[in-house]
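Notes follow the structure.
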């Protein structure tokens, strides 16, 4: 790939802070040595609230980390138990306080809604606690059941019952309205920020289909129109590296038609909207109907989802692609 200056780094896909903070700093230093970190680089790590200490956060910040995203998920113990999360919600404010004390200026909180057994009051309590933490950024995702997991087997056996779509939509609307009232504006379907500077630059990179290099088992990369992914199992990944082989499992070249569809799918999710010039002549004919139904608004030459449109974003994308 050559030496390409790195503008954002994101440690995630699990709980990176299970590793000693000094090891995370060593990895960041190796990235800097291999590629070079840009001035003003954004460096994020995900963390469980119970996986950090004041000392570990001080080590991370001193080592170049600029942003931390806490997996709070819920403020309600029985919901956390269903999600098999280990932290006590009462300890979350302490973790946030430590992060601020360590010098982190950008703090994010991740929430999950739609967990089986979660009431609307439960969800409101989680939103209220998250807002009270005064983060710069909040992500709120509907629970997705991954096939092949123990949780998926419980759903299939009827041991837990997923909420219906209307209830999930109501929870999204409640979150959007309460976040907005607290000064957090949506900039992507599942993400709200206090201002432009608080947006996650790394995730915005994904939504604009820019280049990124994924490191680790199962990580995906996208560089210059090529997409590839690594072997998933950690042991297989380690064996490839020990044999001085690339850990790549497979990949694909993205043709122009696929790139256009992906651009529509991803940029429609953003508050900045989708450039009308990307749409085919046939897809352009769907725009008046979407406007009339209140699914989108038009700002100059961009289509932007309304709140109703955000609830049905996949359906809107299908109309714009067909």
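The values are calculated or read from the model by the stated rules, or taken from the named source; none is laboratory data. Bear in mind the structure is a predicted one, so any value in this text is a computation, not a measurement. Every residue, glycine among them, receives a Cβ derived from its backbone with ideal geometry; neighbour counts consider all protein chains shown.
Would you say residue 244 is closer than 17 Å to residue 298 by Cβ and without any contact (Cβ under 8 Å) to a residue 40 or more places away in the chain?
Details: closer than 17 Å to residue 298 by Cβ: no; without any contact (Cβ under 8 Å) to a residue 40 or more places away in the chain: yes.
Criteria not met by residue 244.
Considering each residue of segment 102-142, count those that are in a loop (DSSP other than H, G, I, E, B), farther than 24 Å from residue 52 by Cβ and in contact with a helix residue (DSSP H, G or I) (Cβ under 8 Å, 6 or more places away or on another chain), and give that number. Let's see the steps before the verdict.
We begin by selecting, within segment 102-142, every residue in a loop (DSSP other than H, G, I, E, B); these are 103-105, 114-119, 133-136.
Next, from what is left, pick out any that are farther than 24 Å from residue 52 by Cβ: 114, 116-119.
Cutting the leftovers down to in contact with a helix residue (DSSP H, G or I) (Cβ under 8 Å, 6 or more places away or on another chain) gives us 114, 116-118.
Going through segment 102-142 one residue at a time, the tally reaches 4.
Residue under question is residue 99, and the condition is that it be touching a strand residue (DSSP E or B) at 6+ places or on another chain (Cβ under 9 Å) and in a loop (DSSP other than H, G, I, E, B); does it hold?
no
Got at least one residue in segment 238-251 being crowded, with 16+ Cβ neighbours inside 10 Å, closer than 16 Å to residue 207 by Cβ, out of contact with any strand residue (DSSP E or B) (no Cβ under 8 Å at 6 or more places or on another chain) and not assigned by TED's automatic domain parsing to the domain that holds residue 168?
no
Where residues in segment 287-322 are in a loop (DSSP other than H, G, I, E, B) and modelled with pLDDT of 95 or more, which of them is surrounded by the fewest Cβ atoms within 10 Å (Cβ to Cβ)? I'd like the intermediate steps shown before the answer.
Let us first name the residues in segment 287-322 that are in a loop (DSSP other than H, G, I, E, B), namely 293-295, 300-301, 306, 312, 322.
Cutting the leftovers down to modelled with pLDDT of 95 or more gives us 293-295, 306, 312.
Numbers: 293: 13, 294: 11, 295: 23, 306: 16, 312: 16.
Per the criteria, the residue is 294.
Taking the options 145, 160, 173, name whichever one is at negative phi, assigned to a loop (DSSP other than H, G, I, E, B) and in contact (Cβ under 8 Å) with a residue 60 or more places away in the chain.
Values: 145 fails: in contact (Cβ under 8 Å) with a residue 60 or more places away in the chain; 173 fails: assigned to a loop (DSSP other than H, G, I, E, B).
On inspection, the qualifying residue turns out to be 160.
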